[in-house]
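A quick write-up on the structure given underneath.
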Amino acid sequence: MFKGCRVAVVVPAFNEASKIARTLRSIPGFVDHVIVVDDASADGTGRIAQRSQRRGLAVIRHDRNRGVGAAIATGYAAAFEAGADVSAVMAGDSQMDPADLMVLIEAVVSGRADYAKGNRFAWPGVYRVMPASRMIGNVVLSHLTRLASGYRHVFDSQCGYTVANRRALSIILSGEVFPRYGYPNDLLCRLGGYGARVTDVPVRPVYGSDWHSGIRIPRVVVPLLRLVLRGICARLMRGIQRVVMGPRSVAMSEPPPT
């Protein structure tokens, strides 16, 4: 537990057999539930995870590859059902520094935010660490996502290192999550529609010597742009309705827990 709150960490993993054990060992001991979601890996990722002696470990396997967003949604649902007060996401590839987890959690349990997300661009020296292709793509998508979600203070939209409270999870799980690499943008737009409080937390960018991107740019650009443009249009429509009918008419009530 952390300051009286039950903590879950969701670990989405696809073909991370060489890294999943290291990831699980790195998760701090105060975490109550560790939920690995094996997204139909072909390399035994789930079997290796199950060998861990980690307290509170659960391994869920998808019968087919559904994408990282879908894996996180599965983990979130399990964390909510387990009664976690706050739920973090740490990828199975060891690219999230466990030393940053406590700061992310603190931003939520202190009541400052419903959803805290990492911002690698706020970390000194990020420009010497983050690959140039990632940096350019992240800057463009971050600006578009700020327009779509209304969170003008939030940057590094593609950073998946996050912590959510139960209210944020109930919002996220109220509909189908974008299943693949556009999920962070989808979540921010959805949270913005319900007025959830979101804050950035500086986190260390981690790219090992064996890092390689699993993203195929031609396959993700069009869906991502479509998703962000849909968010911008939805936000514009809410603004028009607010002007015409008053703010109460477009206030979105909190959805029931899933």
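The values are calculated or read from the model by the stated rules, or taken from the named source; none is laboratory data. Note that this is a predicted model, so its numbers are computed, not measured. Backbone-built Cβ (ideal geometry, glycine too); neighbour counts: all protein chains shown. Heads up: the accessible areas ignore ligands, DNA and RNA and are worked out on the full protein's heavy atoms, side chains in. Shrake-Rupley method; radii C 1.70, N 1.55, O 1.52, S 1.80 Å.
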Report the accessible area of residue 152, computed with a 1.4 Å probe over the heavy atoms of all protein chains in place, in Å² rounded to the nearest 10.
130 Å²
Please give, to one decimal in nm, the separation of the simple spin-label points placed at residue 229 and residue 176, each 7 Å out from Cα toward the Cβ.
2.1 nm
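Could you put 136, 105, 48 in order of accessible surface area, largest first, with the 1.4 Å probe and the full protein assembly present? Display every interim value, and only then the final one.
Working: 136 115, 105 0, 48 45 Å².
Largest to smallest exposure gives the sequence 136, 48, 105.
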Write down the accessible area per residue of the stretch 88-204 in Å², having rolled a 1.4 Å probe over the full set of protein chains.
37 Å²
Length gained, residue 26-residue 240, 0.36 nm per residue minus C-alpha separation, equals 72.3 nm
Sort out the exposed loop chymotrypsin sites (Phe, Trp or Tyr not before Pro) in the chain (DSSP loop, at most 16 other Cβ within 10 Å) and tell me the longest stretch that has none.
31-206
Roughly how much of residue 143 is accessible, in Å² to the nearest 10, using a 1.4 Å probe?
100 Å²
Test of understanding: what is the full-extension gain from residue 152 to residue 122, defined as 0.36 nm times their sequence separation minus their Cα-Cα distance?
9.3 nm
Starting from the Cα of residue 3, step 7 Å along the direction of its Cβ; do the same at residue 47; then give the gap between the two resulting points in nm.
4.3 nm
Gaussian network model of the chain, Cα within-10 Å springs - most flexible of 184, 223, 205
223
For Cα extents along the principal axes in Å, which listed value, (i) 52, 50, 36; (ii) 59, 41, 38; (iii) 69, 41, 35, comes from the coordinates shown?
(ii)
